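Each reported figure results from applying straightforward, stated rules to the coordinates on display, with no laboratory input. Everything quoted here is computed from the prediction, not taken from an experiment. Here the Cβ positions follow ideal geometry from the backbone for every residue, glycine too, while neighbour counts run over all protein chains shown.
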Amino acid sequence: MSEDNRVLIAGGGPIGYTTAINLAKYGIPFTLFEAGSGISEDPRAATIHPPTLEMFETIGLTPIFLKRGFVTQNYHYRDRRQGLIADFNLGVLKNDTPFPYRVMLEQHKISNIILDNLSEFNNHKILNNHSVQSVRQDDEGVVAIVNTPDGTREFRGRYIVGCDGGRSNVRKAMNVDFEGFEFEERFLVVSTPYDFAQHGYAITNYIADPEEWCALFCVKGPDDNGLWRVVFPNDSTFSEEEIFDDETIEKRLQGFQPRSEPYEIIHRNLYHVHQRVANKYREGRVIIAGDAAHINNPLGGMGMNFGFHDAFNLTEKLNQIWFNNGSEDLLDLYERQRKTVASEYLQAQSIENKKNLERKNQNEREEFFNELRAITSDDEKQRKYLRRVAMIEGIERAKSIA
Ligand SMILES: Cc1cc2nc3c(=O)[nH]c(=O)nc-3n(C[C@H](O)[C@H](O)[C@H](O)COP(=O)(O)OP(=O)(O)OC[C@H]3O[C@@H](n4cnc5c(N)ncnc54)[C@H](O)[C@@H]3O)c2cc1C
């Protein structure tokens, strides 16, 4: 097999690794370039939705995810003043999916599980400290221009998949627009081992408030004993130093859930939040997936899941092209299917999730809470609602696009 006859993958985040394991399973050689020294442990995504569990089941990884993460059937919608508004039960999806629950598993653990599984396969290379700067292409293939520890080098392949995140150089090389907007506020994520379950919180909670909404969820953490993450919005007038100040964080947490002891803080991270979708996912032999193609606010836990769905969709088509004489038009189909649902579902739902949490008008808030109460008190209504937010509808919609 010629060195050039392979897929190049830019980026060793969860979507790069998911692309990699699927290619390995299909028997397609690849080289993955990661700019950092290994898998980043940044505390970001942790929610895995039912259709994603179905996809990973096809490559044998779901049982590992279930074992390593928290399996949770319920999530709470709350109000900071009124407490519990609606207790959603994914169990109503039992006839829609074999996995009617969410799994909470940190994204770096998902990537590491995939990396371990890749050791069963040959014919691939994973090159850390290799940053893809640019890409060019001709009729035979692509050339990635890569900064390596030994200087700039060129690597050839048949296709390149840009999984290099929101600031993707691969997307920039395709010269496409990344249309959308940035929210004014940034999101602070604080993690603490303090056990919020003793106050009646579920593993995942969305907590509305006209002044300071928050999201609270629990992951297993580094020692598997449980680590709670709290997400707060931050006014753009405050500096990072002010937001990260120990006393300010303590006051915010005490304001959210008062306790006699101070909170122990493990992480504090601040994120800019955008809503954007690339206007093209494919330019010849250059294709993008995951955050390189779409970014959104994290409320609802959908961004990474959407990227996983991209990776499964794309690699299935690359397999058709590679081994079964499939036409490269399949790559346009990938774009049509995944870009359409990114706009119709990912962007629409995540923007709506944020709007609902921060709603200021009291009557509108009450109306919305009553709607949620009505949904959770009727199994069929709840099923219909959860099919959308648990991402089942998005997958079905993508499949329906020819
Ligand atoms: C606070 C927060 C919470 C979130 N929670 C959830 C959640 O619960 N559920 C969910 O589905 N999503 C969630 N998300 C979104 C999720 O984190 C992203 O969608 C996900 O990380 C996208 O994965 P990716 O592999 O596409 O990109 P990334 O995770 O950004 O990975 C890109 C990788 O590419 C590397 N790279 C970058 N440039 C280059 C280059 N030029 N060459 C080579 N390598 C490069 C980077 O070092 C990185 O390793 C959350 C995001 C945030 C910020």
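Measuring from label point to label point, each 7 Å out along Cα→Cβ, what is the Ser37 to Arg388 span in nm?
4.6 nm
Using θ = phi - 60° and the Karplus curve 6.51 cos²θ - 1.76 cosθ + 1.60, what whole-Hz ³J(HN,Hα) does each residue of region 58-63 get, with Gly and Pro shown as x?
5, 10, x, 9, 4, x
Figure the gain on full extension for Glu241 and Asp116 (residue separation times 0.36 nm, minus the Cα-Cα span) and round it to one decimal in nm.
Taking 0.36 nm per residue and subtracting the Cα distance, the gain is 41.2 nm.
Summing Lys, Arg as +1 and Asp, Glu as -1, what charge do residues with Cβ under 13 Å from the Cβ of Asp245 carry, Asp245 excluded?
Once all neighbours under 13 Å are counted, the net charge is -3.
Where in region 114-142 is the amide nitrogen less than 20 Å from a point lying 7 Å along the Cα-to-Cβ axis of Glu3?
Within reach of a label on Glu3: 122-142.
Mind checking the full-extension length gain between Asn370 and Ser260? Use 0.36 nm per residue of separation minus the Cα-Cα distance, one decimal, nm.
36.2 nm
Step through the residues of region 242-247 one at a time and calculate ³J(HN,Hα) from phi using the Karplus curve (6.51 cos²θ - 1.76 cosθ + 1.60, θ = phi - 60°), rounding each to whole Hz and writing x for Gly and Pro.
Rounded to whole hertz, the list is 5, 5, 7, 4, 3, 5.
List the residues, sorted by chain then number, that are 5 or more residues from Ala45 or on another chain and whose placed amide H is less than 5 Å from its amide H.
Long-range HN contacts for Ala45: Gln107.
Give the peptides 391-402, 274-285 in descending order of average Cβ contacts within 10 Å, highest first.
Ranked from most to least packed, the peptides come out as 274-285, 391-402.
What share of the DSSP beta bridges in the chain is antiparallel, in percent to the nearest 5?
75 percent
Pop out the ³J(HN,Hα) list for region 93-98 in order, Karplus 6.51 cos²θ - 1.76 cosθ + 1.60 with θ = phi - 60°, rounded to Hz; leave Gly and Pro as x.
8, 4, 8, 9, 7, x
Amide H to amide H under 5 Å from Gly13: which residues, 5+ apart in sequence or cross-chain, H placed 1.01 Å off N in plane?
none
Could you give the length gained on full extension between Ile145 and Ala402, defined as 0.36 nm per residue of separation minus the Cα-Cα distance, in nm?
89.1 nm
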